[in-house]
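The values are calculated or read from the model by the stated rules, or taken from the named source; none is laboratory data. Keep in mind that what you see is a predicted model, and the values were worked out from it rather than measured. Note that we place each Cβ from the backbone using ideal geometry, even for glycine, and neighbour counts take in every protein chain shown.
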Amino acid sequence: MKKALLLAAIISLLALTAAPAVQAATPYEAYTYNYYSDAVALPAPFLPERTVDGAGLGVGDFKLPNDFYVTKDGTVYILDSGNNRIVVADEHWNVIRIIDGFDNNGTPDTFGNPNGIFVSETGKIYVADTDKRRVVVLTGQGELVKIVENPQSEVLPANFEFAPLKVTADRAERIFVVARGVYEGIMQFNDTGEFLGYVGTIKVQPSVADRLWRWLATDAQKSQMVLFIPTEFSSVDIDDKGFVYATNIDVGSTETIKRINPLGKDVIKRFGHYPNVGDIRYRSYGRDSGPSKLTDIKYIGDGMYIVLDSNRARVFAYNDEGELLYAFGGRGTQLGVFNTPVSVEWQKGKLLVLDRGKNNIVIFRPTKFGKLVHEATALHYNGNTADSVELWKEVLRLNSNYDIAYLGIGKSLLMAKQNKEAMEYFKLGMSRKYYSIAFKRYRREVMQEHFGTFMTTAVVLIAAFAAFRIARRVRLGRSAGHEA
Amino acid sequence: MKHEWIRFPFHILFHPYDGFWDLKYENKGRMSVAMAILLLMVVATSLMKQFAGFLVNFNDPRYLNTLDDLAFTVLPFFLFCVANWSVTTLMEGEGKFREIVISTAYALLPMILINLPLTYISRFMTNEETAFYWMLNSFGAIWFLYLLFVGNMTIHQYSVTKAVFTLVLTVIAMGIIVFLGALALTICMDMYWFVYDIYRELIFR
C-alpha cells in the first residue's frame, strides 16, 4: 500500500514537471501606449533567459561595470569599470581575452574608472577613460592605436577638463564623445583626434514659471540663480548610415531621443501619437514618479532602437517612425528585473541588459510575439509591406490591441489599392492621416463608378421638372383662355 | 409650415430683433416648443458625438454616454436661465423667467439646424475638407451666441452695453451657483458621514 502511494506520488510529481509551461511568468508586465495614451498590456516580447556574471565567466566578479558593447558577430566587450578592465567574450560567452592595460609607447598604462565603450566595425575598441581624461583607442587585441586627450579649440574654456563618459565612432573614424559638464552638445573629433566642434545642441526652453520668477527677481538675485543650461547627453550609439543616436536627461522635454545626421541636426521621426520619450503616463509624486530618465540607447537595425529608462528600470523599443513597439522591465531582485540598469545591447536577436547594481548581465530571449513584431517591423521598414501583412495578422492574433499592426496591414492594403479595406484598418489603427488618403481614393472610385447613373438621374429629373412646368403653363394658359 | 409654432422659431433665426419682440409682447413663444428644441439639442449633440466622421470625431467611444449628454446640456441650460434671471431681476430687467427660458431655447435652434446635417456630411469629408466642418460648426456657435445676446437684450429691454454687462455677470453668477452647490453638497456629505460614523461607533461598542 505504502509503495503504491509512493509510486502514485512520484508519477504525479513527474506529470507535474513534464507538463509544458504554456506561459512562463515574467516578473514584469509588458505594455505599449494606445491612441488615447492608455497603457495596454502586451504579451511579453522578451523572456529572461539567464544572467551572466564575472564568476560565471571565470574571470572573477565584476565590480560596478558601467558599459558594454556587442558587435554584429555577437562578440561582447564588457567594460568592468571597478576593476579597470575590458572582458571580451564570444557569442557563447566563452572569454576570449581580458584587457586590463595597454602598452603606452613603452610604458604600461591602465584605465581610470572608464565609463563608456564602443567597438567599431573594423574591431577597434574605443574606451571613454573618464578619470584619466582621455579616449583610448585600441585594436581588438588590446594594442594602443591612439589616445584622444586634451582637446584644443577657441570654443573651449581655458580651464576645460575633458571627462569623457560615452563614446561612439563612425566609419570615417570620427569620434563622438559625451563628456561630463559639457552642455553644448556631443563633442566630435576627427580621425587624428582633433576637436571639430559640437553636434546635436539641445535647445533650452525655460518654463513660464521660470520666466516669471526671473522677471520678478532683482539683479542681485539673478546673479545668484542657476543659469538656464541644457542638460548633458547621457549616451550615444551609431547606425549603419553613420547617424548618431543619442539620449539626454531633460525633464519636461519631448526630445530626449535624438538622431543626429552628419551635419549635426536632429532628424529623428516623431510621428507617433505621443512623443518618443519613454513613459508618457507617470505619477508626479512619490515612488516611481517623474518622467523617464533615458540613460542608454542602442540602434538594433531596420530603423528600430531600444532605450533604457534608469528611473523605473524599463526598456522601450521604438520603430523608425517613433512609435512605441513595446516597453517592459522594472526594479527588483528576481531574474528579469533590475537594480541599476546602465546599458542595453542587442546580440543577434537577444536583448542584453547590464546591471551595475547586480554586477551582471541579463539575457532576454524573444518570445513568438517579440520575434513577429521585430520581423514585421523590419519587413515594413525595408518596403516589403506585402510580406509583412501575414506577420502582422499573426501579431494581431496574439494581441488584437496592437495599433501598429493594423497600420501595417492598412498601408499594405493601400498599396494594393484595396481602399475600402484599408480604411477599415486605418480606423482600427487610429491613423486619421492614412484614413483620409484611403477615403479620398475610395470616394473618387465610387464617384467614378456611379457618375453615369448620377448624371442620368439628374438629367431625367430636370427634364421632368421642365416638362411639368411647361405642361402647367399650357394648362393655365388654356383655362385663362377659356375664361376670357 | 402652416403652423405658427413651427414657423416662429425659423422667423427668429433671420429676424431676431423682430422675432424676440413678438415673443415678448405678442406672446408668440411656446414653452412646449422651447423644451422640444432643448431635447433636440441633446439628440443632436449625442448624434454628433456618436456618428460624426472619423476624421473629425475625437471622442473616445468608450466614454460616450447619452445620459451625460442630457445632463451636460440641460443642466447648464437651466443654470444659465436661473443665473440670468437672478442677475436681471436685480438689474431692472423686464424679462420673466418663462421668457428667459423660451428665448434661450429658441437661440439654440441654429446649432441644431447646422450640426445635424453637418454630422452626416462629415462622414464624407477628407482631411483637407474638415476645415469646412470646423468653420460651419463655429458658425453655428456664433449664430447661437448672437441670438442669445439679441434675445436677452430684447427680453429685458436693455441697451447693448448693459446686455453685454449682464451676460458677463450671468457667467459669473453661474460660477457662484456651481460653487455654492458644490459646497452645500460637500457639507451634506460630511454630515451624512458624521451621522453614519456615530451610528457605527454605537453599534460596534
Q | Answer from A:Val389, A:Val395 - the residue that is under 22 Å from A:Lys368 (Cα atoms), away from every other protein chain (no Cβ under 14 Å), touching a Phe, Trp or Tyr at 6+ places or on another chain (Cβ under 9 Å) and among the β-branched types (Val, Ile, Thr) | A | A:Val395
Q: For segment B:1-56, enumerate the residues that are loosely packed, with under 14 Cβ neighbours inside 10 Å and of a type in the set (Lys, Arg).
A: B:Lys2, B:Arg7
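Regarding A:Lys298, is this residue within 12 Å of the chain's Cα centre (by Cα), among the basic types (Lys, Arg), within 28 Å of A:Lys348 (Cα to Cα) and not in a loop (DSSP other than H, G, I, E, B)?
yes
Residue by residue through segment B:52-76, note down the ones that are farther than 28 Å from A:Tyr435 by Cβ and of a type outside the set (A, V, I, L, M, F, W, C).
The answer is B:Thr73, B:Pro76.
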Q) Wholly within segment A:32-93, which strands (runs of 3 or more DSSP E) include no fewer than the required count, namely at least 2 residues that are more than 14 Å from chain B (Cβ to nearest Cβ) and touching a helix residue (DSSP H, G or I) at 6+ places or on another chain (Cβ under 7 Å)? A) A:85-89
**Q.** Residue selected from segment B:104-139 under the condition over 15 Å from B:Leu39 (Cβ atoms) and in a loop (DSSP other than H, G, I, E, B), by the criterion nearest to the other protein chains (Cβ to nearest Cβ)
**A.** B:Thr126
Q) Can we say A:Pro291 is modelled with pLDDT under 90 and either closer than 22 Å to A:Asp38 by Cα or in a strand (DSSP E or B) (or both)? A) yes
Q: Say whether the condition of being more than 14 Å from chain A (Cβ to nearest Cβ) and over 26 Å from B:Thr170 (Cα atoms) is met by at least one residue in segment B:21-31.
A: yes
Q) Applying the selection to segment A:114-136, what residues are under 27 Å from the mean Cα position of the chain (by Cα), of a type outside the set (Gly, Ala, Ser) and assigned to a loop (DSSP other than H, G, I, E, B)? A) A:Pro114, A:Asn115, A:Glu121, A:Thr122, A:Lys124, A:Thr130
(Q) Show the residue pairs meeting these rules: Cβ distance below 7 Å; 6+ apart or different chains; first residue within segment A:208-220 and modelled with pLDDT of 80 or more; second residue aliphatic (A, V, I, L, M). (A) A:Ala217/A:Met225
Q | So B:Ile187, is it more than 14 Å from every other protein chain (Cβ to nearest Cβ) and within 19 Å of the chain's Cα centre (by Cα) | A | no
Q: Report yes if A:Leu476 is of a type in the set (A, V, I, L, M, F, W, C) and buried (at least 16 other Cβ atoms within 10 Å of the Cβ), otherwise no.
A: no
Q: Provide a single number: the residues in segment A:135-182 that are without any contact (Cβ under 8 Å) to a residue 12 or more places away in the chain and loosely packed, with under 14 Cβ neighbours inside 10 Å.
A: 4
Q.
Here's a check for you: in segment B:115-138, which residue that is in contact with a Phe, Trp or Tyr (Cβ under 7 Å, 6 or more places away or on another chain) and of a type outside the set (S, T, N, Q) is farthest from B:Ile6 (Cα to Cα)?
A. B:Met125
(Q) Whether any residue in segment A:183-196 is farther than 30 Å from A:Gly101 by Cβ and either of a type in the set (Asp, Glu) or buried (at least 21 other Cβ atoms within 10 Å of the Cβ) (or both) is what I want to check. (A) yes
Q) Quick check: anything in segment A:442-459 outside any helix (DSSP H, G or I), more than 30 Å from A:Glu323 (Cβ to Cβ) and more than 14 Å from chain B (Cβ to nearest Cβ)? A) no
Q. Looking at segment A:275-287, is at least one residue free of Cβ contacts under 8 Å to residues at least 40 places away in the same chain, closer than 26 Å to A:Asp67 by Cα, assigned to a loop (DSSP other than H, G, I, E, B) and not small (Gly, Ala, Ser)?
A. yes
Q | Cross-chain or 6+ apart pairs with Cβ under 6 Å, segment A:352-366 first and assigned to a loop (DSSP other than H, G, I, E, B), then of a type in the set (A, V, I, L, M, F, W, C) | A | A:Arg356/A:Leu64; A:Arg356/A:Val342; A:Asn359/A:Phe62
Q. Looking at (1) within 13 Å of the chain's Cα centre (by Cα); (2) assigned to a strand (DSSP E or B), can you tell me which one A:Gly272 breaks?
A. (2)
Q | In segment A:411-440, the residues that are out of contact with any Phe, Trp or Tyr (no Cβ under 7 Å at 6 or more places or on another chain), within 9 Å of another protein chain (Cβ to nearest Cβ) and buried (at least 23 other Cβ atoms within 10 Å of the Cβ) | A | A:Phe439
